[in-house]
Amino acid sequence: MQTFFCYNWMVREEWYKWCEELSEEELLQPRVGGVGGILKTLFHIADVEWSWIMVMQGKPDFQEDFADYNTLERVRALDARFRPEVEAFVLAWNEGMERNIFKDVRQDGSEVTDGWGEIMRHVIAHEIHHIGQLSIWARELGKAPISANLIGRGLMDTLPGKE
């Protein structure tokens, strides 16, 4: 679990760096698929990750508007503000947390229950899904996307307990 979160964070940082080469217009341009564009997708990825981690812990979620974070610098700053709390939760993850239950009451009043392990895997898959969309948009712009390869990133060395 932790390996995939570390992978996602590493790839996300590489996408932020990749975005430095684009104009603000290219970053904000509405695109087909995803949540609307490159920068909005990166904002969405960080927001969804943080939101799920907060609600699992019973902490309040924020409801920020992308319009307040519509520059690369602001999205990166928001992600940097979220990361320590997310990372602390992820790095403290243990098998005993797998089956903790999260109860969600939907707008229609119905209740849904999910295991924390399932939610964590959803958060991982959610980001990987959107990174795939960024890769397509990169190619549409005539640019090489960030590599999605997990192998060769040294991730086994970044796990807790590794010296």
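The values are calculated or read from the model by the stated rules, or taken from the named source; none is laboratory data. Because the structure is predicted, anything quoted here is derived from the model rather than measured. Cβ placement follows ideal geometry from the backbone for every residue including glycine, while neighbour counts extend to all protein chains displayed. Each accessible area value is taken on the protein alone, full model and side chains, heavy atoms only, with ligands, DNA and RNA left out. Shrake-Rupley method; radii C 1.70, N 1.55, O 1.52, S 1.80 Å.
Considering only residues of the range 128-145 that are closer than 21 Å to Asp47 by Cα and of a type in the set (A, V, I, L, M), which is most open to solvent (accessible area, probe 1.4 Å)?
The first filter runs over the range 128-145 and keeps only residues closer than 21 Å to Asp47 by Cα, leaving 128-135, 137.
Subset that is of a type in the set (A, V, I, L, M): 128, 131, 134.
Working: Ile128: 71, Ile131: 12, Leu134: 3 Å².
The extreme case among them is Ile128.
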_Test: Gly142 is out of contact with any strand residue (DSSP E or B) (no Cβ under 8 Å at 6 or more places or on another chain), small (Gly, Ala, Ser) and either in a strand (DSSP E or B) or on the phi > 0 side of the Ramachandran plot (or both)_ = yes
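If a residue must be open to solvent by 20 Å² or more (accessible area, probe 1.4 Å) and either of a type in the set (A, V, I, L, M, F, W, C) or in contact (Cβ under 8 Å) with a residue 40 or more places away in the chain (or both), how many such residues does the range 8-32 contain? First the steps, then the outcome.
Filtering the range 8-32 for residues open to solvent by 20 Å² or more (accessible area, probe 1.4 Å) gives 10, 13-14, 17-18, 20-21, 23-26, 28-32.
Next, from what is left, pick out any that are either of a type in the set (A, V, I, L, M, F, W, C) or in contact (Cβ under 8 Å) with a residue 40 or more places away in the chain (or both): 10, 14, 18, 20-21, 24, 26, 28, 31-32.
Number of matching residues: 10.
Within the range 90-127, can you find the residues that are closer than 24 Å to Val35 by Cβ, open to solvent by 50 Å² or more (accessible area, probe 1.4 Å) and free of Cβ contacts under 8 Å to residues at least 60 places away in the same chain? Give the steps one after another, and end with the answer.
Quick first cut of the range 90-127, residues closer than 24 Å to Val35 by Cβ only: 90, 102, 104, 106-108, 112, 114, 118-127.
Of the ones still in play, those that are also open to solvent by 50 Å² or more (accessible area, probe 1.4 Å) are 104, 106-108, 118, 121-122, 125.
Of everything in the range 90-127, those that are closer than 24 Å to Val35 by Cβ, open to solvent by 50 Å² or more (accessible area, probe 1.4 Å) and free of Cβ contacts under 8 Å to residues at least 60 places away in the same chain turn out to be Asp104, Arg106, Gln107, Asp108, Glu118, Ala125.
If you scan the range 20-32, which residues turn out to be at pLDDT 95 or above and either of a type in the set (S, T, N, Q) or farther than 18 Å from Asp68 by Cβ (or both)?
Taking the range 20-32 first, the residues at pLDDT 95 or above are 20-31.
The answer is Glu20, Glu21, Leu22, Ser23, Glu25, Glu26, Gln29, Pro30, Arg31.
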*Taking Ile151 as meeting all but one of (1) over 17 Å from the mean Cα position of the chain (by Cα); (2) surrounded by 11 or more Cβ atoms within 10 Å (Cβ to Cβ); (3) aliphatic (A, V, I, L, M), write down the number of the exception.*
(2)
*asked:* Out of the residues in the range 33-62 meeting the condition of being within 19 Å of Ile136 (Cα to Cα) and open to solvent by 20 Å² or more (accessible area, probe 1.4 Å), tell me which one is modelled with the lowest pLDDT.
replied: Gly34
*What residue, among those in the range 63-76 that are open to solvent by 60 Å² or more (accessible area, probe 1.4 Å) and part of a helix (DSSP H, G or I), is nearest to Gly115 (Cα to Cα)?*
Arg76
